[in-house]
Structure formats: C-alpha cells, structure tokens
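Peer 1: Let me give you the structure first, and then I'll get to my questions.
Read the figures in this text as sums done on the coordinates, not as results from a lab. Here the structure is a predicted model, which is why all the values come from computation and not from measurement. No Cβ is skipped: glycine too gets one built from the backbone with ideal geometry, and neighbour counts run over all protein chains shown.
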Amino acid sequence: MKKEVEIEMEEIDCPVCGGPEHLLLHREDSLQMVRCSSCRFIYLNPRPTSRSLLRFYQDYLPEDESSVEAWERMMESIFQKAANLIGRYKKRGRLLDVGAGFGFFLSEMRGRGWEVAGVEISQKAMDYTKDVLGLTLHLGPLEKVGFPESDFDVVSGFYVIEHLPDPMAFLKECYRILKPGGLLLLRYPHTTPIKNLLLFFGIENRLYDLPAHLSDFSPEMAESCLRGIGFERCGHMIGGYTLPPSPGKRVASSFFGNLSEALYFLSGGRILFPGVSKTVYAFKGE
Ligand SMILES: [Zn+2]
C-alpha cells in the first residue's frame with residue numbers, strides 16, 4: 001500500500017502559452033482537467049505545488065521486485081520499437097534517457113552499442129539501476145543537471161512530459177543539449193479522446209491518473225510545441241507504425257487504437273495505458 005501524502009494545490013496559468021483563461025474539460029473526483037482558451041492545451045488546474053510533486057515522486061514507482069519485472073515486460077516492446085526507430089536515423093552515439101526509471105531502455109541501447117546516460121528523480125530507481133544494471137544516473141530534474149550544449153545525438157523520454165510542471169522549459173533544454181541534427185523521442189499518453197467517449201457512455205473512470213499527470217498532450221499540440229522551440233521534421237509513431245497520411249484513416253486508426261487500450265485498461269491492466277500513448281520524434285536543425 002502506498003502511503004497517502006498530503007498534497008498542496010495551486011491555481012496556474014497555461015503552462016504552454018501563459019494564458020489565464022480556460023474551460024473545464026473533465027473532472028476526476030475533486031481534480032479537474034481544463035483546456036486553455038488560447039492554445040487549447042489540456043492541463044490539470046489547480047495542480048500540486050512543485051514541493052508536493054517532488055515528495056509524491058519519491059513513492060511513484062513500484063516498490064517490490066515483481067512490480068519492477070512486470071513494468072519491464074510491459075515496456076519491452078515499446079523500448080524495442082523506439083530503439084528500432086532511433087536505429088533508422090542514427091547508428092551509434094551518445095544517448096540520454098530522461099526519467100530513466102529502472103534503466104531498461106538504457107540497458108537496451110547500451111547493448112546496441114550506444115554510449116548512454118540517464119536522468120531520474122526517484123532515488124529508489126537510481127539505486128536499482130546502479131545495483132542491478134551497473135548504470136549511474138544523474139539526479140533530476142533535467143534542467144538542474146546542466147549538461148553541456150550539443151552533448152547528445154539522441155534524447156529520449158518515456159512517460160515523462162505529462163508529469164512536468166513546465167514542459168516547455170524541458171523541451172527547450174532537450175533542444176539545447178542535442179547536437180545539430182540530433183533526435184528527440186518522447187512517449188506520452190493521450191487520454192482525452194477516451195475520456196470523451198467514456199463520458200458519452202456515462203462510464204466513470206480515472207484514466208487521467210491525476211494528480212500524477214499534469215497535462216494531456218494531443219499529437220497536434222506536441223508537434224506544435226516542438227516546432228515552436230525550433231525542432232524540425234516532427235513525426236508520430238503509434239504502436240511502432242507511422243500514422244497513415246489520410247485524415248480519415250488517421251482518425252480511424254487512432255480511434256480504434258485508443259478504444260482497444262481503454263478496454264485493456266478497464267479489464268484490469270495497470271500502471272500504463274500503452275495504446276492511448278503516442279511516440280513523437282523531432283530533430284534539431286543541422
Ligand atoms: Zn495555452
């Protein structure tokens with residue numbers, strides 16, 4: 001059992017554009033997701049203060065060994081697909097994984113000949129990674145580590161961006177530490193379409209995983225944020241496949257992808273909801 005920690009909340013302006021106006025989108029218990037009236041970003045408001053969040057994450061990752069192994073099994077195919085995607089663009093080099101967790105992706109990439117580094121804020125995960133995989137991670141958050149400019153060929157982050165109070169600052173830092181031509185790859189959940197569907201059918205749920213998740217990026221929003229910072233050639237991969245180009249097929253593929261994953265979740269799956277998730281990638285200009 002996780003112990004309940006007291007969480008202090010605060011009202012905020014839109015973390016992407018700074019706009020103060022928003023509309024209520026969905027409620028889960030006393031928590032609410034709102035949509036920015038200016039840029040349409042979906043975020044938790046009010047949300048836990050930074051101090052509360054840090055305490056919260058000390059207990060966020062699973063404790064016992066069987067949970068860690070279950071997590072590894074669940075993420076394995078996602079990591080494989082991400083590694084293959086990276087391999088399409090970059091053969092070898094320096095890779096940083098932010099929110100490295102128990103280090104399984106780093107271990108995979110090390111096995112493929114990459115020089116790897118990781119950032120993590122959970123001491124428990126850092127200890128595990130050191131003891132079991134022999135990898136020493138940097139204590140996060142990323143912006144505090146202070147990597148040199150143009151240090152990495154690839155920066156990855158699996159299920160990180162939806163946890164960040166300032167996602168734009170994070171993306172800017174990723175841009176700064178990537179080499180020219182470097183690749184950023186982020187995996188994130190996109191839950192709002194399913195929330196809308198379940199609301200339509202009157203099905204109660206807590207799919208947003210609040211207050212752990214502070215935002216819900218749509219693919220359009222993710223790409224627009226990346227382009228706004230200067231990233232180029234943005235694209236999405238879902239379940240290892242690139243989205244079909246025609247809008248009709250795009251909608252159908254993402255609708256059914258999302259639906260199947262909602263059923264997976266409702267049938268008792270836990271921790272992550274892989275199918276409501278998207279992988280976005282983008283490059284720093286040469
Ligand atoms: Zn906004």
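Peer 1: Taking the Cβ of each residue in Ile86, Ile42, Ile203, Ile229 as the centre, tally the other Cβ atoms inside 10 Å and list the residues starting with the fewest. Present the calculation step by step, with values, prior to reporting the outcome.
Peer 2: On the way: Ile86 21, Ile42 24, Ile203 13, Ile229 16.
With the fewest neighbours first, Ile86, Ile42, Ile203, Ile229 line up as Ile203, Ile229, Ile86, Ile42.
Peer 1: Name the trypsin sites (Lys or Arg not before Pro) in region 132-220 that are in a loop by DSSP and that have at most 13 other C-beta atoms within 10 Å, would you?
Peer 2: Values: sites: Lys144, Lys172, Arg176, Arg187, Lys195, Arg206; in loops: Arg206.
Hits after loop and neighbour filter: Arg206.
Peer 1: State to the nearest 20 debye the size of the charge dipole of region 141-181 about its Cα centre, where the only charges are +1 on K and R beta carbons and -1 on D and E beta carbons. Please list the in-between numbers first.
Peer 2: Working: 4 positive and 7 negative charges, 11 e Å.
Here the size comes out at about 60 debye.
Peer 1: Beyond a 24 Å Cα-Cα separation, which of these cross-linked pairs lie in this structure: Lys90/Lys144; Lys90/Lys172; Lys124/Lys172; Lys91/Lys284; Lys144/Lys179?
Peer 2: On the way: Lys90/Lys144 27 Å; Lys90/Lys172 21 Å; Lys124/Lys172 28 Å; Lys91/Lys284 17 Å; Lys144/Lys179 19 Å.
Listed pairs above 24 Å: Lys90/Lys144; Lys124/Lys172.
Peer 1: Explain nothing, just the number: relative contact order of region 116-163, from Cα pairs under 8 Å at least 6 residues apart, as a whole percent. Working shown, then result.
Peer 2: On the way: 31 pairs, mean separation 15.5, N = 48.
Result for region 116-163 is 32 percent.
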